[in-house]
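Everything below concerns the one structure shown next.
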Amino acid sequence: MRILGLSHGDYGDRHLQNIRSTMPADWVLHEWRPPTILPPVIDYPEDYLPQTLPAADLILAVTEHRGVAELLPDIAALCGARAVIAAIDNEAWLPRGLARQLHGWLGEMGVACVTPKPLCSLTERDYLQARGRRITYDNELIAAFARRWGQPQFHISVDAQSRCLTQVLVQRDCVCGCASYVAEHLRGVSADDAESQAGLLHHHFPCLASMGIDSDFNDTLMHVSGNLLKDAVAEQVKPFKNVRRFTPGTRAD
């Protein structure tokens, strides 16, 4: 698969660096930096685009300017892309109204589009748009990407005697590489502490999703991202946790 990655700086560059270092040998990643100064409304997209762009099947937009969404249909036409992943790790970079317009513009061109909020909620079939609301899609290019990067998945081995994690395999990494970082530092941690430790490691990575309250979640997108990762760890270690129960009105041992 040929991917065209759009980035403005550290946030997007980390995503593209992780993809480049872990993608299959027969995949190709090209990068292009859109302009950082764009007008509120772009009447002539051609004024802000190069004459040519590398041919691509899929566009990954991890940018920090809302105006890039207005350029995406023309970028797709220039490179011949048939699918677009436009990350929403900050509402200011891709507001919900503009995201709806983007789906419409690309849909008219026959180009598939997903706008995962946050980016690490993407799976092979759906993605988060708001609290408790997942949007389904059907596109093999995006699904092929999401099998490797998106909502984190782990396979965790635990020693039955010590109940410590002996092996943490990443079945699907976050696009930014956070899941791999967490897995590397979870080995040897007690099953009782693994979920909370995963949350701390997520912040230490650090996650670069927005720390402002998002009205679609009544929470920060950083916390939404962290909870997705913690839940993936918790599911794996649940059978090995030491759960203490007590009866109300009595004293625990």
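So the values come out like this:
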quantity	calculated
Subset of the stretch 155-177 (residues that are under 23 Å from Ile135 (Cα atoms) and outside any loop (DSSP other than H, G, I, E, B))	Gln171, Arg172, Asp173
Only one of Thr115, Thr123, Thr166, Thr136 that is surrounded by 21 or more Cβ atoms within 10 Å (Cβ to Cβ) and β-branched (Val, Ile, Thr)	Thr115
Any hit, the stretch 143-156, residues being closer than 25 Å to Ala92 by Cβ, touching a residue at least 40 places away in the same chain (Cβ under 8 Å), in contact with a Gly (Cβ under 8 Å, 6 or more places away or on another chain) and not basic (Lys, Arg)	no
Any hit, the stretch 104-121, residues being under 19 Å from Gln236 (Cβ atoms), in the same structural domain as Pro24 (by TED's automatic domain parsing) and in contact with a Phe, Trp or Tyr (Cβ under 8 Å, 6 or more places away or on another chain)	yes
Members of the stretch 97-114 that are assigned to a helix (DSSP H, G or I) and among the aliphatic types (A, V, I, L, M)	Leu98, Ala99, Leu102, Leu106
Identity of the residue in the stretch 204-234, among the β-branched types (Val, Ile, Thr) and part of a helix (DSSP H, G or I), that ends up farthest from Asp173 (Cα to Cα)	Val224
Selected residue [over 30 Å from Gly110 (Cα atoms), in contact (Cβ under 8 Å) with a residue 24 or more places away in the chain and surrounded by 15 or more Cβ atoms within 10 Å (Cβ to Cβ)] from Ala160, Ala198	Ala198
Flag for Pro54 being closer than 21 Å to Val175 by Cβ and over 20 Å from the mean Cα position of the chain (by Cα)	yes
Criterion (more than 24 Å from Ala25 (Cβ to Cβ), assigned by TED's automatic domain parsing to the domain that holds Lys230 and touching a Lys or Arg at 6+ places or on another chain (Cβ under 9 Å)) met by exactly one of Arg163, Arg172	Arg163
Some residue of the stretch 64-82 being in contact (Cβ under 8 Å) with a residue 60 or more places away in the chain, among the aliphatic types (A, V, I, L, M), in contact with a Ser or Thr (Cβ under 9 Å, 6 or more places away or on another chain) and crowded, with 24+ Cβ neighbours inside 10 Å	no
Selection status of Ile59, aliphatic (A, V, I, L, M) and either surrounded by fewer than 22 Cβ atoms within 10 Å (Cβ to Cβ) or closer than 25 Å to Ser215 by Cα (or both)	no
Number of the condition not met by Ala234 [criteria: (1) surrounded by fewer than 19 Cβ atoms within 10 Å (Cβ to Cβ); (2) free of Cβ contacts under 8 Å to residues at least 40 places away in the same chain; (3) within 21 Å of Ser157 (Cα to Cα)]	(2)
Where Ile75 falls short, out of the listed (1) touching a helix residue (DSSP H, G or I) at 6+ places or on another chain (Cβ under 8 Å); (2) within 13 Å of Trp105 (Cβ to Cβ)	(1)
Only listed residue being over 24 Å from Pro118 (Cα atoms), in the same structural domain as Leu119 (by TED's automatic domain parsing), not in a helix (DSSP H, G or I) and not acidic (Asp, Glu), chosen from Ala77, Ala61, Ala55	Ala55
Hits in the stretch 149-180 - residues which are among the hydroxyl-bearing types (Ser, Thr, Tyr) and in contact with an Asp or Glu (Cβ under 9 Å, 6 or more places away or on another chain)	Thr166, Ser180
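The values are calculated or read from the model by the stated rules, or taken from the named source; none is laboratory data. Quick caveat, the model's predicted, so the values are computed rather than measured. Methodologically, a virtual Cβ is constructed for each residue, glycine included, from the backbone with ideal geometry; neighbour enumeration extends over all protein chains shown.
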